[in-house]
């Protein structure tokens, strides 16, 4: 067993583990518990409940018509820029520009070598090449077949960059391209072998290389056509000139902030049971259509104008800079004012201009940046008073005129760069009919057709029509209220458990000079809020304090309220003020005063537009935060939650681009594990979070989660649960083996510390897949709710993995775009539960949300757990500064400081 290596800092403090499972492995060793077998639970028979419904899919059957042996090689390309600096083109990158730029250069180099060395590449012998555009190459003829096993199987080509046709390579006269053969580099592809080596219950038997080869072969047209296609991670391909590929202009609309949409596909090879059900294993190609926002290729000064709507030529206001900085931060840009194109990464926007910024020259004199460009480059800046852009240059932050820097093309907008995301979100929410059109048109554009010569030569046939399957639609009855299309009207009368207001509470409206909310509006909202609470059975007095407050003063006002023993503060905040919400939550945790935040636009819709449903949802949230319960869920059968501890476990990984160890100082950006359970009562899902080491596939924190949940269950129920059912998110397919080997044994060991009679069911939940399901008869032009499959749709055969106990369940009504149906994989099942029972329980749990009268896409315990994980991330970020100095061994102590376990909130859903 690999226990990994622990690194220490200068004070002998543990900084991090070296493998993705060390925390679990080490804890198992401490408990003297053996790791588990990496074997899936045996699939049981499909369920039978529900009426039969036919649906369409985005799954295309793949048939391998002949046996082909392919040989894998490693490609390495590099060049010397100077006597001391080397560039490696086959090095993997993360940023979009770097990924596409290196792939284009690698393809230029590799196919130049193929063209000039046909004998080595055996092109005349009928060799077929599959290249990933970086370091992986497959061929159908062994390139080193004439060498014996003791000889070095490597070939180096010297390439003149000027011969490649790439403008940025032409200055490099000697580029080295090496082809190297690793040991055991041959695999044989056939229908029989694929069936045996890709979907075994023993995960270690399965060979991922077969999937990798098929995916590369199907993507080969895109890889080589670098001007037409942008190839990214996880099989994503975007059409860089979409209208030329036959797409509509409406697929490429401008979404503001200097961004436009590109249509694309996500293609993955999956192994499914197929239409003949259990015991079968069939390769298939899953193709999902999508759209993403890309930054336009334009000067930074043009970009700033599109983001802010202000003329940046005379400098941006501080508010405009704050708005623009997140949109451009991290983007690659280039300059052309020197003799070559030079790429830099944007860090931010400087508060000064080219005329207002001076620096010292080598001779001791000073000059402005505007004067420097005039004297050195003969450039008279057109906008000398515009803000300078800050770029990372040779490890330092340097300042450049925004008009001379151009945003590099083909960069996707990241989530932090989508500050004005409403239009982007709306346009990217692709309706089912549009998605199907993109899939079919895109499949042809990327040449996955019967005419593809390479696929024909390899004996790979992809069916032209997607698979259609028959599935089940579950009905659902919640007490006396029928749930139709995943929604219902709240029952009249009081809440099941109305919360009791403390006598001392406050209500504030927070804004700035531009906010549109008056004293009269506040008074009217207060009255409506109190009346609605009373109608629901809540005992409430008028607030002790109400006032309009400027955003700069609200935190001190809330602190004073908490110091005066106030226990509940309702805050209505202007929509434009986005930085306060996390501060409210940090103060809430510190003071133990419940703080409920609402946007002014929502309050106005209640006061001025009479939107009672909005107010109803607000009251629902208030009741939950204060420890109440809005409704219960019941079935014709015995309650499915009786005697069962149901736990949701959600994971918040460190945000993209952040480091586990910052600046070599041992600063941690931990993983946050949120969890929620029905430990208090059957229908009440409350939880907490713990901080855990980052970069771990498995969670040693599952021990803390289980102990907290079981202790709370026993304290409130005076008994132990008979079964524990865990719904766990944040795990990819590649993590299943590690979870089976380390995480589940740790969970079992923890449970057995209480009783050996408690059964465990462990379910992995993911929406991070490419499967889509469509109504069989799809009509264009309708609403999302009408066009998508309804709630209650269950698929537990045909499209599931033959090796797993698995099902898809669509629990919700899709309000925009196309339904993303969660996939449930049962990794442990001590009860050998029938599929019907698991599916029915899961669908029932999708109706416990409490806040709105809608079912959710995932079970409520997991939904609430994900919210606790987000809350933990916010509290970590806004915790005391010294928190950043804690090392891994202190994360449990820090969890106690920031979490809710030992507070008055441990039995209430404070993050409702």
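A short reminder: the numbers here are calculations on the coordinates, not readings from a lab. All figures in this text were calculated on a predicted structure; none of them were measured in a lab. Glycine gets a Cβ as well: all are built from the backbone with ideal geometry, and neighbour counts include every protein chain shown.
Provide the packing ranking of 90-99, 706-715, i.e. peptides ordered by the mean count of other C-beta atoms within 10 Å per residue, highest first.
Averaged packing, sorted descending, gives the order 706-715, 90-99.
Could you state, as a whole-number percent, how many of the C-alpha pairs of the stretch 303-407 are farther apart than 23 Å?
23 percent
Which order do 63, 30 fall in if you start with the one that has the fewest other Cβ atoms within 10 Å?
Values: 63 12, 30 8.
Fewest to most other Cβ atoms nearby, the residues stand as 30, 63.
Express the relative contact order of the chain as a whole percentage, based on alpha carbon pairs under 8 Å and six or more residues apart in sequence. List each step's numbers first, then the result.
Values: 1863 pairs, mean separation 142.9, N = 912.
Relative contact order comes out at 16 percent.
Peptides 617-627, 206-216, 749-759: what's the order by average Cβ count within 10 Å, highest mean first?
617-627, 206-216, 749-759
Normalised by the residues of the stretch 303-407, what does the relative contact order come to in percent, with Cα pairs under 8 Å and at least six apart?
29 percent.
So what's the convex hull volume per residue for the Cα atoms of the stretch 505-625, in Å³?
Each residue corresponds to 96 Å³ of Cα convex hull volume.
Strictly greater than 36 Å: what percent of every Cα pair in the stretch 644-898 meets that? Intermediate values should be presented prior to the final figure.
Values: 5090 of 32385 pairs.
Within the stretch 644-898, distances greater than 36 Å cover 16 percent of Cα pairs.
What does the highest-first list of 75-85, 860-870 look like by mean Cβ count within 10 Å?
Details: 75-85: 13.4, 860-870: 25.1.
Going by the mean number of other Cβ atoms within 10 Å, highest first, we get 860-870, 75-85.
Average the reciprocal distances over every distinct pair of alpha-carbons in the stretch 143-189, invert the result, and give the Kirkwood radius in Å.
That comes to 13.0 Å for the stretch 143-189.
Starting from the Cα gyration tensor of the chain, take the square roots of the eigenvalues, sort them a ≥ b ≥ c, and report rounded, prolate or oblate (rounded when a/c is under 1.5, otherwise prolate if a/b is larger than b/c, else oblate).
Values: a/c = 1.66, a/b = 1.18, b/c = 1.41.
Since a/c reaches 1.5 but b/c is at least a/b, the shape of the chain is classed as oblate.
Tell me, what is the percent relative contact order of the stretch 644-898, built from C-alpha pairs under 8 Å that lie six or more residues apart? Don't skip to the end; give the middle numbers.
Numbers: 492 pairs, mean separation 64.6, N = 255.
Relative contact order here is 25 percent.
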